Structure formats: C-alpha cells, structure tokens
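What follows is calculated from the coordinates using simple rules that are stated; it is not laboratory data. Just so it is clear, the model here is predicted, and its values are computed rather than measured. Here the Cβ is made from the backbone with ideal geometry for all residues, glycine too, and neighbour counts use every protein chain on show.
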Amino acid sequence: MSELINYIDPVKVTICILRDWSDKHWKATYGDEKVAEINSQMTSIKGASLDKTPVTGGASRTEEMLCAAIDKKDILLKGREQARAYIEELMPYWERLTEEEQFLLTTRFIERNGERWEDKVTRRYYISRSEAYRRSDAALKRLASLLFW
C-alpha cells in the first residue's frame, strides 16, 4: 500500500487540500450553529396513543419529522467532526511554514475575495509577479513535502 503513494502528485493534492481550507473551517464552526438549531426544532413524540396499543400502518408525521431531524443532525455531526479532523491533522504542518509561506499560500489558494493574489503579494513584498509565483510555488512544494514526507 505504501508504494501506491508514488502514483499521486503531492503538489496537486496539496492544492486541493488548501482550496478546501475555507470550507472545512466553515463546517467546523457553522456545524455548531446548525446542530443547535436542529436541537431547538426537535420535539418529542407525544400523543394519546402512548398509553395504548401502538398504532399500526406506519409512522406519524411527528415521528417522520423527528427521524429526519435526527438523520440531518447525524450528517452534520459527522461532517463537523471530519472538518475538525482535517484542521487538526493539517495544522502541525502549516505551523512549520514561515509567516511568508503561510501568507503566500493563504493568498493564492485559500482566500476568495476577488482580488488577484499576485497583486496582493507584489504590493506586500515589493517583488515582481514572476517572483511571487516562484516563492508561492516553493512554499507549496515545501508544504507538500511536509504532508507527504
């Protein structure tokens, strides 16, 4: 199995990981809000038939809504945990990068504010666009080598 890693491009995989960064952070935090919202909407099953013989022929509308809410909550909890695991696994490698490397990768692959990343980098470091690409590519390769040894 360890030989199979030779068939992937670590730099391309690292780019995909970085492009998912914002969404993973959003899921890790937004998940808490959605779970709380679902919890507040969930109700217990109440009805006159609880003391009697169960009604046959299918679930009530309340039961269906409760089951749907439980399913949705379960999906959210799993997604939130996956996002948190992503962050937890990536952070030690990210912290090994210099502040400049982090800025370059954040600006190029993570931020989505509409401004061209090259312009932001050239203004900050007073370098040419080609130098911005060179430094960014070097930072990307360094992170890839940290992630994939």
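Of note:
- Residue-averaged [θ]222 nm for the chain, counting only DSSP H segments that reach four residues, each worth -39500 (n - 2.57): -23000 deg cm²/dmol
- Electrostatic dipole magnitude of the chain [Cβ: Lys, Arg +1; Asp, Glu -1; Cα centre; debye, to 20]: 320 debye
- With R₀ set to 41 Å, the beta-carbon distance separating residue 99 from residue 35 gives a calculated FRET efficiency near 0.75.
- Pairs of C-alpha atoms in the chain farther apart than 27 Å represent 47 percent of all such pairs.
- Helix axis angle, 10-19 relative to the chain longest principal axis, alpha carbon, degrees: 60 degrees
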